[in-house]
Amino acid sequence: MISTELINTDWAPKAEKQGSLSPEMLNLIYQEKWFKLFVPKEFDGLGLTLPEALLLEEKIARLDASMGWTVTLCAGAGWFVGFLDEELSQVIFAYPKVCLAGSGFVGGKANRKGDHYEISGSWTYASGALHATYFTANCEMLEDGKALLDANGKPIVKAFILKKEEVEILDGWSYMGMIATGSHAFKTENLQVPLHRAFEILPEKVTRTESIFRYPFLQFAEATLAVNILGITKHLQRLISETFWKRHEFRKYGQKHLDYFLKLEKSCEMKLETARGRFFESVEFSWNELEIKGIISYKSLKSVSQSSRKLTQICREINSKMHPVAGLEAAKTHTELNRVWRDFNTVSQHALLIFPF
């Protein structure tokens, strides 16, 4: 399960060049069942708790950002097993190389016509799209062409499971970083799917008994994204320090400059470890509360959200402070340092963690 030492750091440049995880990366993921972190063991998953999964996701992201992010997002989509029709789950997860990719964007409309839905739409940022076996897609609900509204007059939204052969992948990931995630868009038009492929991520719609599926989705998402940003930051901080000392071999910085760097490095390390500790403490507390009481208090959920955002803000702050000491080496596009810097400055733009509150 925690065989991150099997990750070869030489894989990353190749993966970035081809725009998707390499065969070596995928084989390791399948072998270790990392796309099935939260899938119950009866479906040949790992069945991890949230604290266990976060530690693993941090380790993978520290070794390679794109691999860590893809594992996290696809395993996160696999978490939806807790809300799916049981027979559908048995079919989906019977395949050893199963991978779910999806988008939180409400990009489609699902029109119920008798015993099926007709779905049309397009969805963005589906990390892992190139090797996904299924996609999840959020749709506004209609019945016989008429929009369905909730008690507040807002459109009812449900998620759907779509097979890879039912969607068209759109080459839409043209960003400077996280290139190997292959986070492309996808679309479908007038696709007919059976009724049981619709699901809702609501507490009252849980279909399994494991605690992980009763953990609120918002805090689940915030925490899993934050640990990726943490892992990438640890990688970036190490590379910046290594680059500084290599530059020192040639430039021979004076003691004043060395003292400044050492003080800065120590300060950044302490800030990061403090924020990391508080983050994991809040997650662990909320998890224990769920296991013991069957529900997580508002105070605990707020703590998880705040610590996730604070951790992300600290990562942005220390990376910004440390980056200049790497000099122009950090701007060479072919280097590991530059790749990790681009990855960080791409993934840290995620809408869920932009604000510190």
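The values are calculated or read from the model by the stated rules, or taken from the named source; none is laboratory data. All values derive from a computational prediction rather than experimental measurement. Every residue, glycine among them, receives a Cβ derived from its backbone with ideal geometry; neighbour counts consider all protein chains shown. We work out accessible area using only protein heavy atoms, side chains counted, and drop any ligands, DNA or RNA first. Shrake-Rupley method; radii C 1.70, N 1.55, O 1.52, S 1.80 Å.
Brief remarks follow.
- Prolate/oblate/rounded label for segment 169-324 (Cα gyration tensor, a/c 1.5): oblate
- Between Phe217 and Gln18, the simple spin-label model (points 7 angstrom out along Cα→Cβ) gives 3.3 nm.
- The order of Lys246, Lys163 by accessible area, most exposed first and with a 1.4 Å probe, is Lys246, Lys163.
- For segment 76-130: rounded, prolate or oblate by the Cα gyration tensor [a/c cutoff 1.5]: oblate
- Ranked by how many other beta carbons lie within 10 Å on average, peptides 214-221, 169-176, 291-298 from highest: 214-221, 169-176, 291-298
- Estimated from helices alone, the mean residue ellipticity of the chain at 222 nm is -15500 deg cm²/dmol (sum of -39500 (n - 2.57) over DSSP H runs with n ≥ 4, per residue).
- Asp10-Leu262 pseudo-label distance in nm [points 7 Å out on the Cα-to-Cβ vector]: 3.6
- Shown for segment 139-253: lysine pairs separated by 8 or more places, or found on different chains, whose C-alpha atoms are under 15 Å apart, numbering 4.
- Shape class for the chain, computed from the alpha carbon gyration tensor (a ≥ b ≥ c): prolate, with a/c not under 1.5 and a/b above b/c.
- Taking all protein chains together and a 1.4 Å probe, the residues Leu55, Leu301 rank Leu55, Leu301 from largest to smallest accessible area.
- For a straight C-alpha distance cut-off of 17 angstrom, the aspartates and glutamates reachable from Lys36 (same-chain residues fewer than eight places away being disregarded) are Asp44, Glu52, Glu57, Glu58, Glu86, Glu210.
- Rolling a 1.4 Å probe across the protein heavy atoms gives the chain an accessible surface of 48 Å² per residue.
- Along segment 313-319 the Karplus relation, 6.51 cos²θ - 1.76 cosθ + 1.60 evaluated at θ = phi - 60°, assigns HN-Hα couplings of 5, 5, 4, 4, 5, 6, 5 Hz to successive residues, with x for each Gly and Pro.
- Along its principal axes, segment 241-357 has C-alpha extents of 60, 29, 21 angstrom, given from the largest down.
- Relative to the current alpha-carbon distance between Thr124 and Lys154, full extension at 0.36 nm per residue lengthens the span by 8.6 nm.
- Degrees between helix 50-63 axis and first principal axis of the chain (Cα, 0 to 90, nearest 10): 50
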